[in-house]
Structure formats: C-alpha cells, structure tokens
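Read the structure below first, then the notes.
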Amino acid sequence: MLQRFFWMCSGADTDILNQCPKSEQIKQAGIGGTVFFTAVMAFIAATYALFTIFNNLYYAIFFGIIWGLLIFNLDRFIVSTIKKRDHFYSELLQAIPRFLLAILIAIVISKPLELKIFEKEVNRVLLEEKNNLTLANKDLLAKQFAPEIERRTLEIAHLKNEVALKEQQVESLYQTFIEEAEGTSGTLKLGKGPVYQEKRQKHDTMLAELQELRTSNNIKIIEKEEELAALHKAYQIKVNETQPIIDNFDGLMARINALDKLPWLPSFFIFLLFLAIETAPIIAKLLSPKGIYDIRVQDEEESVISWTAQKATQRNILSATDAIINDKIYEDITQEEELYNYKRKKARELLQIQADAFYNQQRKTISEN
C-alpha cells in the first residue's frame, strides 16, 4: 500500500511498474518518497511563515496544506516529465529548466525553516532593531514638541528672571535706606531723617511693585507650567500610541531582513540541504541507467506515435482514393443520355416559368399606369 502511494507520488505508470522487476519498483518508490517528503517540508515551512503573518494557527495550517499540495504537484510534474533517452546530453538539456524550477522551490521552502531554526538569533536582532526604532521614534517626536516646550520654558524663565531682578532692586533699596539710617552711607548722619524717609518710600513703592509682579508672574508661570505639562503629556501619549507599531515589528519581511544580518554560511548550508532534497529525484533520474520501466514506457509511447501516424496515413490514402472514385463516377454520369434529357426537360420548364412570371409582372405594371 505504501509502495503504491509512493509510485503515485513519483508520477509513474503503476500498470507498467507491476510488470517490472523489483529493482525498478523500489527505484520509483524512492523517487516518489523524495517528492512526498519535500511536500511535507514545504507544508511545515509555509505553515510557519503564514503563522508569522496571520498569527492564527488554523489559517496557517489551511494555507500551508494548499502550498504543500502545490509543491507536491510541481515536483511530481518535474519528475514525471523527465524521460530517459539514449543520450545523456539530451536528458540533461530537458532537465535544465526543471533544475531551475527546483532551485526556486528550494529557496522558497528553506527560507521559512531558516527563520524557525535561527529564531533566537533573529529575535535578538529584532530586539536591537526595536530598541533603535524606539529611541529614534522618541527623538523624532521630541523634535516635533521641542519648539513649543522650549518656548514655554523660556517664557517661564523670563517671568522668574523679572521677579528675581525686581527682588534685587528691592534688596538694593533696602540696603540703601538701612545704611542711611545707620549713617554708614549717603548723608553719613545717624537717624531717620528726610533722606531716609525718601529712600524708605522708594523701597516701599518698589516692594509693592514686587508683590504685584510676583502675584501676576506666579499666575502666568502656573499657566505656562500647565501648558508645559500638557505638552509633556501629549508627547508621552504620542510615544505610547506609536510604540505598539514598533513592538509588532516582527513580521515575515522584518524577520527575513533580520536573518540576512546574521552570518550567511549556516543559512547557505541549510539552503544546500533543501536544494539537494529538491533536486534528488531529478539527479536520480539522470544518473540512473535506462531501466526496464523506461524501456516499457518508451515502447508504449512509440507504439502510440506509430499507431497515430499509421491512422493519419490511412485517412489520407482513403481521402485521396475517395476523391478519385468520385471523379470517375461523375465522369461516367456525364455520358448518360437519360440524365441529359431529364436535365434538358427541367431547364425548359424553368425557362417557361421565368417567362410567364416576367410577362405577368409587365402586364401588372402597364395596367397600374
């Protein structure tokens, strides 16, 4: 049962194989087994690749089965269409397009499995890329918010500097009238004279202005700080909104790009392995000697071709003979007096009918005028 299944996978004619020796049956079963297990590997590779896309196991298995059957059908077609010939170079010539197709299939099959085999290394590369993308994203968003943040920070600093400058002026006036009262500067007279009162008045006026400036600037500073906090919050919200996009940066294309950044030699060996598996049936066909199965297949094909050519020749001869006979028959008929008199009679009747019809038509036309 298993052997017949592998025969079917190889595309061999089971009726002919049943008449062949055991060695031929084993050879075709081996080719079919290679085709089958290549399709199984294609199913596994496609399922993994599609799972990374859809993130749904049922969808991945469904489309993986379709892909596996497609590869199975292609491999079966490649193997079954290679016919053993009497010359190796003619066999090689017909195998070249199939080799190219086998290489393409090997690339398609091996790449998803490479992603699975080197999954840990690929995840490490993806993590580094995600971190770099996160930092780049934060820098980009920071540049978008930076002008507004910087403007409000400068405004807050300017308001605080105004208050600080006013405080320095008040402190200076305070020291001036204190020193005047102590007699250490100004008029150098101890006591609270008119000059002291004048300087004290300036200080008190400046102090009132300072209190008013503090009140107004504190209100403005609070407003600017709230705006600044709102900008920082908006920046953080933007970062949080864009971060999931970076976190999900692990699709099929991203993984393939990450795989390309790893050393190429291990991936190349895996590709060679699948290439060997994919081309094994073709190489086996080319290298194996022409067996009894191949001879029987060639015999049946040549029999069909010969029989088809023979039928075509017979049809051509029959058509030519029939034409000659028809020509002879019509030639003999033309010599018969009876046929001549009959056609003469019918022609006379036809002319009479035409003459009567013309007469009636002319008469009708004249009557109407």
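Bear in mind that the values in this text are calculations on the coordinates, not laboratory data. Predicted model only: the values in this text are computed from it and were never measured. Cβ atoms come from the backbone with ideal geometry, glycine included; neighbour counts cover every protein chain shown.
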Can you tell me the dipole magnitude for the range 255-311 around its Cα centre, using point charges on the Cβ only (Lys, Arg +1; Asp, Glu -1), in Debye to the nearest 20?
-> 280 debye
Theoretical FRET efficiency, 1/(1+(r/R0)^6), r = Cβ-Cβ of residue 1 and residue 242, R0 51 Å, to 0.05 | 0.30
Where the centroid of each part is defined by its Cα atoms, how far is the range 264-320 from the range 1-60 in Å?
-> 19 Å
Positive-end residue of 68, 271, 230, charge dipole of the chain with Cβ unit charges | 68
Which listed residue (57, 79, 197) has the Cα farthest towards the positive end of the charge dipole for the chain, taking +1 on Lys and Arg C-beta and -1 on Asp and Glu C-beta about the Cα centre?
-> 79
In the list [x] 166, 98, 37; [y] 173, 101, 37; [z] 60, 47, 40, the entry giving Cα extents along the principal axes in Å computed from the coordinates is [y]
Residue by residue through the range 116-125, which ³J(HN,Hα) values in whole Hz follow from phi under the Karplus form 6.51 cos²θ - 1.76 cosθ + 1.60 (θ = phi - 60°), with glycine and proline marked x?
-> 6, 5, 9, 4, 5, 5, 5, 4, 5, 5
³J(HN,Hα) across the range 320-327 via Karplus (A = 6.51, B = -1.76, C = 1.60, θ = phi - 60°), whole Hz, x for Gly/Pro?
-> 5, 5, 5, 5, 4, 5, 4, 4
Where does the chain land at 222 nm, in deg cm²/dmol rounded to the nearest 500, when only DSSP H runs of n ≥ 4 count, each adding -39500 (n - 2.57), divided by all residues?
-> -32000 deg cm²/dmol
Nearest 0.05, what FRET efficiency do residue 346 and residue 107 give at R0 = 51 Å with Cβ-Cβ as r?
-> 0.05
How far apart, in nm, are two points set 7 Å out from the Cα along the Cα-to-Cβ line at residue 284 and at residue 211?
-> 10.4 nm
Show the residues, 5+ positions off or on another chain, whose built amide H is closer than 5 Å to the amide H of residue 261.
-> none
Proximal aspartates and glutamates relative to residue 285, as straight alpha-carbon distance under 17 Å, when same-chain residues fewer than 8 apart are discounted = 13, 24, 75, 86, 91, 294
Residue-wise HN-Hα coupling along the range 256-271, computed from phi with Karplus coefficients 6.51, -1.76, 1.60 (Hz; x: Gly, Pro) = 5, 4, 5, 5, 5, 7, 7, x, 7, 5, x, 5, 5, 5, 5, 4
Using 1/(1 + (r/R0)^6) with R0 = 45 angstrom and r between the beta carbons of residue 319 and residue 89, what's the FRET efficiency to the nearest 0.05?
-> 0.65
Dipole magnitude (debye, nearest 20) for the chain, charges at Cβ of Lys, Arg, Asp, Glu = 540 debye
